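*Asks:* Please see the structure below; I have some questions.
The values are calculated or read from the model by the stated rules, or taken from the named source; none is laboratory data. Remember, predicted model here, so these are calculated numbers, not experimental data. With ideal geometry, Cβ positions are generated from the backbone for all residues, glycine too; neighbour counts draw on all protein chains shown. Keep in mind that these areas ignore ligands, DNA and RNA; they rest on the heavy atoms of the full protein, side chains included. Shrake-Rupley method; radii C 1.70, N 1.55, O 1.52, S 1.80 Å.
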Amino acid sequence: MNYETWEPVYERILSDFGYSRAADERARDVLAGLVDPVDESRFAPLADATVAVAGAGPSLDDETDAAAAADV
């Protein structure tokens, strides 16, 4: 992820939901204290891959071709 690309999207999400950035960062920190650290080395094999992440959103049926075209 490129943060410069992501930041405007993130700011819009904060605005749309009415969240303050400081409160979101506090929530992030609380959650980080409740879970085990992620071993980021597990993701090394995916460094040059296109990865599809799918959820149960309303556009899921429309996105299956894009997901099928991903490497993982």
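*Asks:* Within the range 1-56, how many residues turn out to be assigned to a loop (DSSP other than H, G, I, E, B) and either open to solvent by 100 Å² or more (accessible area, probe 1.4 Å) or among the acidic types (Asp, Glu) (or both)? Write out each step before concluding.
*Replies:* If we filter the range 1-56 for residues that are assigned to a loop (DSSP other than H, G, I, E, B), which is where we start, we get 1-2, 18-20, 35-39, 47-56.
From the residues that got through so far, the ones that are either open to solvent by 100 Å² or more (accessible area, probe 1.4 Å) or among the acidic types (Asp, Glu) (or both) too are 1, 19, 36-37, 39, 48, 53, 56.
Looking only at that region, the number is 8.
*Asks:* Okay, moving on. Can you report the number of residues in the range 1-54 which are more than 24 Å from Ala66 (Cα to Cα), of a type in the set (Gly, Ala, Ser) and under 14 Å from the mean Cα position of the chain (by Cα)?
*Replies:* Here the count works out to 0.
*Asks:* Any residue in the range 24-47 that is within 22 Å of Ile13 (Cβ to Cβ) sitting within a Cβ distance under 7 Å of a residue that is not in a loop (DSSP other than H, G, I, E, B)? List the pairs, counting only those 6 or more apart or interchain.
*Replies:* The qualifying pairs are Asp24/Leu14.
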